[in-house]
Every structure is written in C-alpha cells, then in structure tokens.
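To start, the structure under review is shown below, and the notes come after it.
The values are calculated or read from the model by the stated rules, or taken from the named source; none is laboratory data. This structure is a prediction, so every number in the text was calculated from the model and none was measured. For neighbour counting, all protein chains shown are included, and Cβ atoms are generated from backbone atoms with ideal geometry for every residue, glycine included.
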Amino acid sequence: MKKKAKMMFSTLLVLVFVFLAACSGNNGGNGGNTGAANGGNSGNTNNAGEESLEPITIRLASGDVNANWDDMKSEVGQEILAKTGVTLKQEFPVGGSDADMFALMVASDEYPDLVMPKGNAGKLVDAGALIDLRPLIEEHAPNLKKIYGEYFNRLRWSEQDDAIYVLPQDGVGHTYFEAGGGFQLQHKVLEAAGFPEIKTVKDYENAIKAYIEKNPKTEDGQPTIGMSLNGGEWQILISVTNPAFYATGAPDDGEFYINQETFEAIMHYQRPEEREYFRWLNHMNNIGLLDPESFVQKYDQYKAKIASGRVLGLVDQQWDYADAENALKAEGKFDSTYARFPVTLDETYQDHSFQGTGYLSGYGIAITKDAKDPVRTIKFLDYLASDEGQVLVNWGIEGKHYNVENGKRVIPADVQAQKSNDNNTFKKTTGIGNYLISARYGDGVMDPSGNYYTTNFPEQIVTAYSEADKKTLAAYGATTYRDLWPANDAFPERKYGAAWTLPFETGSQANVIFQKTQDIMKKRIPEAILAKPEDFDKIYDAFLKDLDDAGVAKLNEEFSNMVKARVELWSK
C-alpha cells in the first residue's frame, strides 16, 4: 500500500508540474526549444563562438510567484536564449504556499533542475535534494566567483558542512539609495494636510483622520479606508508584525530580537516596546481607521482595494503593493500613490531598516540532484552573472531600452515613462528585472566602463519619480525617500548579517517549537488588535503565556546559539 501511495503521489506531482508548464505556455510560453543555440559564456568575454550549445530547457521552481513572468518571450528573454541556448521554464506555487510546493517535492523525491526555495532550503538540504555547487563554480563559473569575491566564504552551509548549496541573490556591494518600506501615505492625504511632519504613529494617525473627516467617501462613492494591513496570508509578517520592531528601534532579524553586544535572542513579541505598537493598532481599529478586513482578506483583495485608490495608508514593503500602485499609475492616479516614511512609536526611537549586515548569504537559487545537466545549468547562471549578463538583465538591450551617450548608459524618456507608469506591462514585455535569479551586483557598483550595473542610483531614481513624488519630497526637503531615513553609518554593522537568514534544522525540537509560536502569533496578534481596548492587555498576556507554554525559552536559547555560531563562522 505504501508503494502504491508513493506512486500515486509522484504521479500527482508530475501532473501539477505539467499543469504549471501548460499555464505558463498559455501566457506567452515558448512552445519549444527553438532559437539561437550559440553563445558560450565561460568568462566575462562571452564570445558567441566559444562553445557550441545545443538548445536545452531548464525547469525552475520558484517559491515567489511572479505575475509578470514572460516565459522568455520578452526581448531580454529572447536575447538570453540566443546567448545561452537555454529556455527557462518557471513554475510557481498554485493553490498553496511555497512551503507546500517544496514539501510535495521532498515527499515524492522528485525535483526540477533549479529551485528558488526561499525559506525552505533547509528542508531540501536535509532531504539530500541539493548538490554542492563548489566544484562546479571552481571549474565552470568564474563570474559567480568574481561577484561573491571576499564574501565567497559566507556561502558555505555551516561550520560542519563546507558545501555551497545555494547561490544568494542579494546584490553584492549594495548601497541603499532608496527606501521601499516604512509607513505609506497617499500624496493627496499629505497635500490636504499641508505636508505635516510624519515621524510618529500619532503624526501618521492624525493625517489619516483629518482626511477622512473631510472625505468619508471616494469620488466613486466607496467608503474611504484609513489604513489596510496585508494580514490575511503569510504577509502578516511583512505588514503587521515586522513593523513592530522597526517602529521601536530594532532591525529586521526575522521573528527575533538580538542583543547586539551579547548576541542573546528573544522572540521579538516579548519586548514591552512592541506590545505598545500593537496597542496602537488596537487603537486605530477602535476609532475606525483600520480596515476591519485586514486579517481576513486575500492578497488579491488587498491589492484590489489599493488599486481602487481608496486606501489612504499602508504599512508594508513596496514590492508587496507595487502591482496595485502600478495600476494606479497606469490610470494616471498619481495622487493616490504613496509616499514612504520611517514612522516610529515615538521620537525616542529611530528606524533601523538600514542597519548594516555586510553581505547576506540568504535566499537564493540552487541546483537539484535531478538536474539534467548541472554543468550547462551553472554556466547559464554564470552568464547571467557576467558583465554582459548583468547589463542585459538590469538595463535591457542597447538601442531598445537604453543608449550610450558620452560613455554613459541613458534610458530614453519614452522608455522611462513606460517603466514608471506601467511597470507590470514593461517588465513582462521587456523582461527587464525578470532574470535577477543568479549572483548579482548591488546598487551602486560600477562596471569596467564606469557605469552602474543596476538602474537604481540617485539620478535615475529621481528620474523615475512621478511629479507627485517630487512635490512631496520637496516639501520634506528630500531628494529621494531614502533621505528621510537615518544615514548608512547611523548604526554599527551586525556581525551575524541578518538573523532571518538562519534556518532551523528540519524536524528539530527548535523547529517544532518555532512552528508552534507562528501558529500562536497568527491567532493572538489579530485577536489583540481587533479586541476592545479594555481587553487588549488580557489577550496580550495570554499570547505571551502561550509562547511560554510552547517552549519559547528553549527556542530563544537555541537561536542565540545559532547567532553566536554565525558570528564565529563569519569572523574567520
């Protein structure tokens, strides 16, 4: 019976992937492995005649859904195909979470060529699903090794396991020229209030309240929503709980707060300061400024509300609401798009969003044991990491997406307008931004020609702003939103990077406890926020007791040890 069940499970997996591939093909898929088959890329030269490459299809399972994936039908996709002979077929979670998708693979012991597993890499390593990339990099991938450079040692899996299973996708040498998080307010709200100071949650609240009192309904007759949180699905971490540590002077270390001197960890909800942040959200709900559907709405519903223009405020990351904001831009509703601020509980705190981490060996891409041709696969990733590949995936094609004027790459005004006003269509049509799947340079790094590898640098960022953005920023004496945050050197660099990159061992006691705490959090935090104010403390006390009963003390101890081990590993 067990053998029969496994066969049925494997069959189901195959059918799921066939369905995914079919859906991808219906959205502009490349019906076969056609196209140029030349374009070897053993180094930065990328001479098209270096080695003959037969067409090959490489399957990639991504934990993040990309609604703008072009299935290599875009201009950049076709250029990559011509240079490498590789047709990339991406598969995304359907009807479930990324954890479900990778758990299904582990259960069936069947894998695509490549995976981008997000936080599921540990499960795949424990299952023996990922191959050690170190030998492949040493022999076939000089560009990958060049990009990681001095941080190559950070790619090793652990003190006990020297293998490199995952190629991190964070930009190496990255400079934060722009801020994509914080608290968001529509430009029309700020202008109506005379561009008031927005530093604390009270400032933020007052601006929303003043606008709603004058505009209880939108022009379309729909009720105006003060602020909406994306708390109905996994993004509860991004939109609801992570802001609690940002607003109370702590950096993003996932579900933990780390003492920067002792490296002792506690679950961040145990901090008294954060209790007060959630109390403020409870207050916002009590006075009717919080969307009552914040914890039951699906992601599509959340984005639809934003795209309607009736949500005045968000607490989110731009990548999470960008699709909806792009829809507003496409309709010319720039006053309903959002400015971003480093809002804190009160003025005694500073937002630590940009506290340094050094290079993060976090989420990335991996080659599985079932890869048809690991050498071709690593060479494909190496091409994307080459100078030519980096310019292609970030800037596009010369003469189409950018020009070179006096030695500098310049994006033509009409191309920039397309990118700024309807980035969803621009990304799917051009493919720019869709192929950032390999090692890459971060913002601010220049190539041998003296140009930036990426298009995110101050002059270009300002060029991409709408007139509404520029007007708002001018009112606050800033050129970019990043200017509103503390400077890069305001805080000491974290010696462990960022703690959210540390995975628990699958099946370990700590992992079991951690999952219990997540279930408790997803129940208790919404309950506390939506409760009557007089019941808030009772519910929050029950939340902390639930964490204690689940074994949070043991969890904190284990995570503290993991952080200390990371510090020791990276100090070598």
(request) Answer yes if at least one residue in region 554-566 is assigned by TED's automatic domain parsing to the domain that holds Leu290, at pLDDT below 95 and not aliphatic (A, V, I, L, M), and no otherwise. (result) yes
*Is one or more of the residues making up region 278-286 part of a loop (DSSP other than H, G, I, E, B), aliphatic (A, V, I, L, M) and either modelled with pLDDT under 95 or touching a Gly at 6+ places or on another chain (Cβ under 8 Å) (or both)?*
no
Reported set for region 289-304 where residues are buried (at least 18 other Cβ atoms within 10 Å of the Cβ), in a helix (DSSP H, G or I) and in contact (Cβ under 8 Å) with a residue 60 or more places away in the chain is Tyr302
Note to self: Looking at the structure I just gave you, is Tyr204 outside any loop (DSSP other than H, G, I, E, B), in the same structural domain as Trp500 (by TED's automatic domain parsing), farther than 30 Å from Ile437 by Cα and in contact with a helix residue (DSSP H, G or I) (Cβ under 7 Å, 6 or more places away or on another chain)?
What the structure shows: no
Just one listed residue, out of Ala163, Ala129, is touching a Phe, Trp or Tyr at 6+ places or on another chain (Cβ under 7 Å) and surrounded by fewer than 17 Cβ atoms within 10 Å (Cβ to Cβ), and it is Ala163
Filtering region 140-152 for residues that are without any contact (Cβ under 8 Å) to a residue 12 or more places away in the chain and under 13 Å from Lys379 (Cα atoms) leaves a count of 1
Listed by first then second residue, the pairs whose first member lies in region 509-535 and is without any contact (Cβ under 8 Å) to a residue 60 or more places away in the chain, whose partner is small (Gly, Ala, Ser) and part of a loop (DSSP other than H, G, I, E, B), with beta carbons under 6 Å and at least 6 positions apart or on separate chains, are Ile513/Gly551
Given (1) in contact with a Lys or Arg (Cβ under 8 Å, 6 or more places away or on another chain); (2) part of a helix (DSSP H, G or I), Tyr176 misses just (2)
Note: among Phe426, Phe514, just one is in the same structural domain as Gly389 (by TED's automatic domain parsing) and crowded, with 16+ Cβ neighbours inside 10 Å, namely Phe426
Do the conditions hold for Pro251, that is, is it surrounded by fewer than 19 Cβ atoms within 10 Å (Cβ to Cβ) and under 26 Å from Leu502 (Cα atoms)? no
If we ask which residues in region 321-348 are surrounded by fewer than 19 Cβ atoms within 10 Å (Cβ to Cβ) and under 17 Å from Tyr246 (Cα atoms), their number turns out to be 3
Answer with yes or no whether Val106 is without any contact (Cβ under 8 Å) to a residue 24 or more places away in the chain, assigned to a helix (DSSP H, G or I) and within 22 Å of Val512 (Cα to Cα).
yes
Residue in region 73-95 that is under 17 Å from Leu381 (Cβ atoms) and part of a loop (DSSP other than H, G, I, E, B) present:
yes
Looking across region 436-457 at residues that are crowded, with 20+ Cβ neighbours inside 10 Å, of a type outside the set (Gly, Ala, Ser) and part of a loop (DSSP other than H, G, I, E, B), the single one that is nearest to the chain's Cα centre (by Cα) is Ile437
Within region 458-501, residues being of a type in the set (Lys, Arg) and under 27 Å from Pro412 (Cβ atoms) number 3
Those residues of region 207-222 which are farther than 17 Å from Ile306 by Cα, surrounded by fewer than 15 Cβ atoms within 10 Å (Cβ to Cβ) and in contact (Cβ under 8 Å) with a residue 12 or more places away in the chain amount to Lys214
Scanning region 512-541 residue by residue, the ones that are under 18 Å from Leu290 (Cβ atoms) and among the hydroxyl-bearing types (Ser, Thr, Tyr) total 1
Considering residues that are among the small types (Gly, Ala, Ser) and modelled with pLDDT of 95 or more, the number found within region 66-106 is 4
Test: residue in region 416-435 that is within 24 Å of Gly362 (Cβ to Cβ) and in a helix (DSSP H, G or I) = yes
By my count, helices (runs of 4 or more DSSP H) wholly in region 485-572 with at least 1 residues that are under 24 Å from Gly362 (Cα atoms) and out of contact with any Lys or Arg (no Cβ under 8 Å at 6 or more places or on another chain) are 509-530, 552-570
If we ask which residues in region 232-263 are assigned to a loop (DSSP other than H, G, I, E, B), in contact with a Lys or Arg (Cβ under 9 Å, 6 or more places away or on another chain) and either under 14 Å from Met521 (Cβ atoms) or charged (D, E, K, R) (or both), their number turns out to be 2
Q.
Can you confirm whether Ile529 is at pLDDT 95 or above, touching a strand residue (DSSP E or B) at 6+ places or on another chain (Cβ under 8 Å) and not hydroxyl-bearing (Ser, Thr, Tyr)?
A. yes
- Residue check for Leu312: of a type outside the set (Phe, Trp, Tyr) and crowded, with 22+ Cβ neighbours inside 10 Å: yes
